[in-house]
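The values are calculated or read from the model by the stated rules, or taken from the named source; none is laboratory data. In this text the structure is predicted, and so the values were computed from the model without any measurement. So basically every Cβ, Gly included, is an ideal-geometry build from the backbone, and we count neighbours across all protein chains shown.
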Amino acid sequence: MNHPYKFSAPGALDYDTLLQSIESLCDAFPFVRKDRVGRSLLGKEIPALFVGETRTAMLIAAAFHGMEWITGWIALEFLRYLCVKAQEGNPQASDFFLHQGLCIVPCVNPDGVEIQIHGAGAAKQFEKLVERVSGGDTQHWQANARGVDLNHNFDAGWRRLRHMEQKSGITGPAATRFGGRFPESEPETAALASFCRRKRFSRAIALHTQGWEIYYRYGRHTPEESYEIARRMAEAGDCLLADAQGLASLGGFKDWFIDYFHKPAFTAELGYGKNPLPLYDAPGIFRRCLPLLLEFLA
């Protein structure tokens, strides 16, 4: 399926743009089915999109962090790519849709993305909290509107992570790396975990930035096949296989998925540079990421 494909993101993926892009994609490809993961702290719907056979679906989730919204574009464009190929009659794409399925959650953290793009006012009733803990720098905002880092809020070594955060001086709401008061304390985290429990995905990948690294291990429940899948993805995307270190090594979605389901899950760190990665990097990231994601589906 890896043929030339033109990708250009029209702008920052704020909430209005996200919804418009989803509507456009569904209008162009009627076989794409909309679903809902849940709602954010500020009440925004967290959309999900399905194609193919839902009973054997794989999951790609993006934009866990406010300033990593570029990953949402990558996820949406990957779905569009597959749909274009299936519509063209590509046998690999058509066969995949017939026998397997894919779910895309392009923006796990819509409130955090809005804050990063539009400033503290987008946090509504949490505006003063965001202004205080960010020091006025919302350009580097990662957390949700309550100052909880969603990728530190899953129930996977959370208590150890909480202790590590406290030793690092992170004791309350912050722009990044505060894991909340208890696992799944945030509606976004709880909704995604519940969604996965209902849908029973066969494998999952979380898209982040940056470094072109793939993480595939977490604890004793890491499936044996995870290494081979990760190796193929890393080779296809010219990435390193690595292990998350320090505060990034616990409490993440990939960690929870492996620990709860005993199924393969991965984190892909995309791009190089300084976060937030600029929009003009998106086409190049997509080109490099495309074969990696195709291997994820293989």
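Annotations for the structure displayed:
- Residue ranges of strands (runs of 3 or more DSSP E) in the range 1-115 with at least 1 members at pLDDT below 95: 45-52
- Reported count of residues in the range 242-278, each being at pLDDT 95 or above and part of a helix (DSSP H, G or I), is 9.
- Taking each residue of the range 32-50 that is aromatic (F, W, Y) and looking for partners that are at pLDDT 95 or above with beta-carbon atoms closer than 7 Å, six or more apart or interchain, yields F50/R33; F50/D35; F50/A57; F50/G101; F50/C103.
- The residues on offer are F178, F201, and the sole one that is crowded, with 21+ Cβ neighbours inside 10 Å, in contact with a Cys (Cβ under 9 Å, 6 or more places away or on another chain) and either in a loop (DSSP other than H, G, I, E, B) or of a type outside the set (F, W, Y) (or both) is F201.
- Of all residues in the range 7-19 being free of Cβ contacts under 8 Å to residues at least 24 places away in the same chain and under 19 Å from the mean Cα position of the chain (by Cα), the one that is surrounded by the most Cβ atoms within 10 Å (Cβ to Cβ): T17
- Qualifying positions in the range 9-49 - under 16 Å from W69 (Cβ atoms) and among the charged types (D, E, K, R): D14, D16, K44
- Checked against (1) surrounded by 24 or more Cβ atoms within 10 Å (Cβ to Cβ); (2) in contact with a strand residue (DSSP E or B) (Cβ under 9 Å, 6 or more places away or on another chain), F154 passes all but condition (2).
- T171 within 22 Å of E269 (Cα to Cα) and out of contact with any strand residue (DSSP E or B) (no Cβ under 6 Å at 6 or more places or on another chain): no
- Applying the set (1) in contact with a Leu (Cβ under 7 Å, 6 or more places away or on another chain); (2) at negative phi to G271 leaves exactly one unmet item: (2).
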